[in-house]
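A.B. asks: My questions all concern the structure below.
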Amino acid sequence: MKKGNILLVDDDEIYLYLVKKILSKISERIAISSFTDGEQAINFITNQTEVHQEVPEVILLDVNMPFLDGWGFLVEFKKLKPKLEKSIRIYLVTSSALPSDKQKAKEFQELTGYFVKPITEDNLKNILTEVYETNF
Amino acid sequence: MWKKVLKIFAILYFPILLLTFVLIFYQKEEQLSGLVQVEERGAAYKKNYLLDLYTSLVFSTQYWSEIDYPVAFDPMRDHSGFIDSYIEIINGFQDYDQFRFLDLKGKEFFRYQREDDKNMVFGPLQNKENRSYVQSGLALKRGEIFLSAIDLNRENGVLETPYKPVVRGVAPIFNTLNEKIGIVVINYRMSRILNQLKAQITNGNFYLTDANFNIITSNTRPYDLGYEIQKSGKALLENYSLTHLPLKKAIDTNFVDQGSVYTFKVFDFKKDFISKEGIFSTIPIIITPTDWVIVQEISPEFLGTWFLPLYKDFLIFNFFAVIVLLILSYYIIKSRQQQEQFYVALEAKNKALLGSKAQLEKNNYQIQDINKSLSIKNDQLKEFNYLVSHNLRSPVTSLSVIIDMLKEEKEPDKIKALLPKMATVSNSIYELTEDIRAYMAILDQNEIKVEFLNVSKLIALVKNEFSDLMLGEQNLKVLVDFKEWEAVSFSKLYLKSILQNFISNAIKYRDTEKSESYVLFEGKIENGSKVLYVRDNGVGINLERHGANVFKLYKRFHRNISGKGVGLFLVKSQLEALNAQISVDSKEGLGTSFKINF
């Protein structure tokens, strides 16, 4: 089985810890990296693309973050997308169930999915199955 | 009101009054000229009547002159038979009062006279040589006739009573030898004639006067020839003369004097007699001492009665005109007043409308204000909603996940490892609730104490709290420019906190690569309201990326600078709590400019 590469972008350290814990429990073959804000994440992806290094296949993106929030990340990502060598699936993971956020999410074609926290083990399993076409 | 009514009435009535005066004047003139014509006709009629009478006198007198009397005519004795046949004729003349023959010396030799107004009898002979009519008569030639002036008869030099107005007709008489033997004198009784003249055929008074305007007879006087009675020494109440009238000479004329209208017609017997030519076989030459004047007078009393209907019509017309015009004037003024009242009411309504318009505008402004503050409140609520749904829900969900994991975990070491994470979550929840509490304090503040604050003084005060700044260790200048306005109504607590945040941010985000950093507080007036600009030459913000989040909670834009992302969020909340608004303009590397609209 192919090795997975997932990027977590969230300013909530606990969330990051928990998700990493769940993911590692699901599969040990998944490489997990994380950033606590959108700015670092977009800078990372830009750099990786420039040096033709590997970029993650999946991004779990938080909305509410300092420096550059989820929406800001998506705007920057849109600019970056033509330069990407492979497609990246982005899942928005938000703590709010606000209809306005859901509506706004639909405007971004770059988004593959939308989850409301807490993201469960089953959710993560489904995402991985969808991406890697393998049952976890 | 009544003064105005009378004024309108006067304006309307005056021309009508004038018109009626003109009309009545012309109608009077017309009626008067009609009356005068009637009087003239009456006078002409009387003149003709008089002429006829006089003609008959002339004829009657001439008759006796044309008889051939016997030589040595002695009617009383020798020729009594001759005269007897004539006595019958004399008796036939009603107007004969005396019939006398006088010899050439003026002595009567025959006298046949009426006795007591009845039959005629022979009377005692008198010598009349001194009487003027006798002298005039004796001078007459054949064919000449003398008619005396009218006077009262005298017997033996004394006025006969009852007074007897007479005219004497005198003519010469001749015998068969054509010798003049004397004169015939006939006293004509004039009473009947005068009474007939006096009989009114017109509306006026009648006077017959001589050429000197002595009244011979008049229907207004009790006596004929009153002036003669007065001359004889007897006092009469009436004036028997028309000399008071403004007429010097007897002529045919009409005139008005003292309200009376007079018509004068001169009776010139000699002249007028010629027109009677033809009725005589031989035309006598008539000698008469005086002309007569026929005077018709329309008295003021008569005129008054005559014009009474005219005056009555005038009065009735004017009476109704006055009533109608008074009513009309009253209604004109009334309607005018109603109109004025209507205008006043209209003006009042207009004023009231303007007043309510002003009130509406005021309400409108208030509604706009309320709307603005409601819209701000709405934004704040959204903000709060966002805060709760993101920031609060996030740690709570984390907590629930941890708890789920704890439930499943059986290894004591792993459980131990999870516990500190719970403490972290709990801490962050505590911090969050503290921040929300501060925010709620601002949102919940219903009555914020507002004062008139001198902003530059407050800045100086706040500046002192930054000891670093005071000591000059930080390279930041705080500049102020409040030329356009100095003070603003705001909460002192809030404004102080806001200024603190700005100065603190200016220090934190100053551009250390620049030799001199500053923050400038500048008071401006824009569109009539106070504006505060806070400009610095700090590091600036990338608004393209962060524009939407500048004033949001827990948003930070500079990785290397410490901060919680609370300051500008509170600044915005505090400003909005008092209906002020804030916006931002910035360029990375150049600086940031905040604009506050109070």
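The values are calculated or read from the model by the stated rules, or taken from the named source; none is laboratory data. These figures come from a predicted structure and were not determined experimentally. With ideal geometry, Cβ positions are generated from the backbone for all residues, glycine too; neighbour counts draw on all protein chains shown. Each accessible area value is taken on the protein alone, full model and side chains, heavy atoms only, with ligands, DNA and RNA left out. Shrake-Rupley method; radii C 1.70, N 1.55, O 1.52, S 1.80 Å.
A.B. asks: Can you tell me which aspartates and glutamates have their Cα less than 14 Å from the Cα of A:Lys25? Leave out same-chain residues fewer than eight positions away.
C.D. replies: Filter leaves A:Glu121, A:Asp122, B:Glu408, B:Glu409.
A.B. asks: Moving on to the next point. Can you give the extra length, in nm with one decimal, that the chain gains between A:Thr129 and A:Ser24 once fully stretched, where that is 0.36 nm per residue apart less the Cα-Cα distance? Please report the intermediate quantities before stating the final value.
C.D. replies: Numbers: separation 105, 0.36 × 105 = 37.80 nm, distance 1.50 nm.
Once the chain is fully extended between A:Thr129 and A:Ser24, it gains 36.3 nm.
A.B. asks: How well do other chains shield peptide A:4-14, expressed as the mean number of their Cβ atoms within 10 Å of each residue Cβ?
C.D. replies: That average works out to 3.
A.B. asks: Then there is this: What's the lysine pair count for region B:304-413 at a Cα cut-off below 19 Å, pairs eight or more apart or interchain?
C.D. replies: Value for region B:304-413: 4.
A.B. asks: Relative to the Cα centre, what is the charge dipole magnitude of region A:4-126, using +1 at the beta carbon of each Lys and Arg, -1 at the beta carbon of each Asp and Glu, and rounding to the nearest 20 debye?
C.D. replies: Roughly 420 debye for region A:4-126.
A.B. asks: Students often get this wrong, so check it: of B:Lys421/B:Lys496; A:Lys83/B:Lys552; B:Lys449/B:Lys552; A:Lys102/A:Lys125; A:Lys102/B:Lys587, which have C-alpha atoms separated by over 29 Å?
C.D. replies: In this structure, B:Lys421/B:Lys496; A:Lys83/B:Lys552; A:Lys102/B:Lys587 lie more than 29 Å apart at Cα.
A.B. asks: Report, to the nearest 10°, how far helix B:393-408 tilts away from the longest principal axis of the Cα atoms in chain B, using its own Cα long axis and a range of 0 to 90°.
C.D. replies: Long axis of B:393-408 versus the principal axis of chain B: about 30 degrees.
A.B. asks: Hey, if you put +1 on the Cβ of every Lys and Arg and -1 on every Asp and Glu Cβ in the protein assembly as shown, which of B:Ile582, B:Trp292, B:Ala460 ends up farthest toward the positive end of that dipole?
C.D. replies: B:Ala460
A.B. asks: Could you tell me the accessible area of B:Trp306 in Å² (1.4 Å probe, neighbours in place), rounded to the nearest ten?
C.D. replies: 100 Å²
A.B. asks: Just want the answer: with Cβ charges of +1 for Lys and Arg and -1 for Asp and Glu, which residue in A:Leu60, A:Val93, A:Leu111 is farthest toward the dipole's positive end in region A:52-118?
C.D. replies: Of the listed residues, the answer is A:Leu111.
A.B. asks: So how tilted is helix B:567-577 from the main axis of chain B? Cα-based, degrees 0 to 90, rounded to 10.
C.D. replies: Once rounded, the angle reads 20 degrees.
A.B. asks: Bin width 10 Å, origin at 0, all Cα-Cα pairs of region A:4-126: what percent of pairs per bin?
C.D. replies: 13, 49, 34, 5
A.B. asks: Still on this structure, I have one more. Going Cα to Cα from B:Lys249, which aspartates and glutamates come in below 15 Å? Please leave out same-chain ones fewer than 8 positions away.
C.D. replies: Candidates past the 8-residue exclusion: B:Asp210, B:Asp268, B:Asp291.
A.B. asks: Work out the FRET efficiency for B:Tyr86 and B:Ala211 from their Cβ-Cβ distance, taking R0 = 45 Å, and round it to the nearest 0.05.
C.D. replies: 0.80
A.B. asks: Another question about this same structure. Tell me, in nm to one decimal, what length is gained between B:Gln94 and B:Asp404 on full extension, where the rule is 0.36 nm per residue of separation less the Cα-Cα distance? Spell out each step's value before the answer.
C.D. replies: On the way: separation 310, 0.36 × 310 = 111.60 nm, distance 17.89 nm.
Fully extending the segment from B:Gln94 to B:Asp404 adds 93.7 nm.
A.B. asks: Put +1 on the Cβ of every Lys and Arg and -1 on every Asp and Glu Cβ in the protein assembly as shown; which of B:Asn527, B:Phe314, B:Gln98 then has its Cα farthest towards the positive end of the dipole?
C.D. replies: Comparing the listed Cα positions along the dipole, B:Asn527 ranks first.
A.B. asks: Averaging over every viewing direction, what projected area does the convex hull of the Cα atoms of the protein assembly as shown cover, in nm²?
C.D. replies: Working: hull surface 300.9 nm².
If you wrap the Cα atoms of the protein assembly as shown in a convex hull and average its projections, you get 75.2 nm².
A.B. asks: I'd like the projected area of region B:40-188, averaged over all directions, using the convex hull of its alpha carbons. Report it in nm² with one decimal. Before the final figure, lay out the partial values.
C.D. replies: Details: hull surface 37.6 nm².
The directionally averaged projection comes out at 9.4 nm².
A.B. asks: Dipole magnitude of chain B about its Cα centre, charges +1 at Lys/Arg Cβ and -1 at Asp/Glu Cβ only, in debye to the nearest 20?
C.D. replies: With only Lys, Arg, Asp and Glu charged at Cβ, the dipole is about 2780 debye.
A.B. asks: In this model, which of A:Lys3/A:Lys78; A:Lys21/B:Lys572; B:Lys141/B:Lys231 are farther than 30 Å apart at the alpha-carbon? Each step should come with its number before you reach the end.
C.D. replies: Working: A:Lys3/A:Lys78 26 Å; A:Lys21/B:Lys572 40 Å; B:Lys141/B:Lys231 33 Å.
Too far apart for the 30 Å limit: A:Lys21/B:Lys572; B:Lys141/B:Lys231.
A.B. asks: Let me ask something else about it. Report the GluC sites (Glu not before Pro) located in region B:391-464 that are in a DSSP loop and have at most 10 other Cβ atoms inside 10 Å of their Cβ, or state none.
C.D. replies: Here the sparse-neighbourhood loop sites are B:Glu447.
A.B. asks: Shifting gears a bit: At 0.36 nm per residue, and after removing the present C-alpha to C-alpha distance, how many nm does the segment from B:Thr220 to B:Lys349 gain when stretched out fully? Please report the intermediate quantities before stating the final value.
C.D. replies: Working: separation 129, 0.36 × 129 = 46.44 nm, distance 8.12 nm.
Result: 38.3 nm gained on full extension.
A.B. asks: Once you put a point 7 Å from the Cα of B:Glu238 and another 7 Å from the Cα of B:Leu177, both along the Cβ direction, what distance in nm separates them?
C.D. replies: Going from the B:Glu238 label point to the B:Leu177 one covers 5.3 nm.
A.B. asks: According to a simple spin-label model (label point 7 Å from Cα along Cα-to-Cβ), what is the distance in nm between B:Lys107 and B:Glu30?
C.D. replies: 7.3 nm
A.B. asks: Could you state, as a whole-number percent, how many of the C-alpha pairs of region B:446-597 are farther apart than 29 Å?
C.D. replies: In whole percent, the long-distance tail amounts to 13.
A.B. asks: May I pose another question? Roughly how many nanometres apart are two label points built 7 Å out from the Cα toward the Cβ at A:Lys81 and B:Ile448?
C.D. replies: That separation, rounded to one decimal, is 4.3 nm.
A.B. asks: Please get the size of the charge dipole for region B:304-413, origin at its Cα centre, with Cβ charges of +1 on Lys and Arg and -1 on Asp and Glu, quoted in debye to the nearest 20.
C.D. replies: Dipole about the Cα centre, nearest 20: 1060 debye.
A.B. asks: What FRET efficiency do you get for B:Asn560 and B:Asn363 if R0 is 41 Å and r is their Cβ-Cβ distance, rounded to the nearest 0.05? The partial results should precede the final answer.
C.D. replies: Numbers: r = 53 Å, r/R0 = 1.29.
With R0 = 41 Å, the Cβ-Cβ based efficiency is 0.20.
A.B. asks: Considering only the other residues whose Cβ falls under 12 Å of the Cβ of A:Asn123, what net charge follows from Lys and Arg at +1 and Asp and Glu at -1?
C.D. replies: -1
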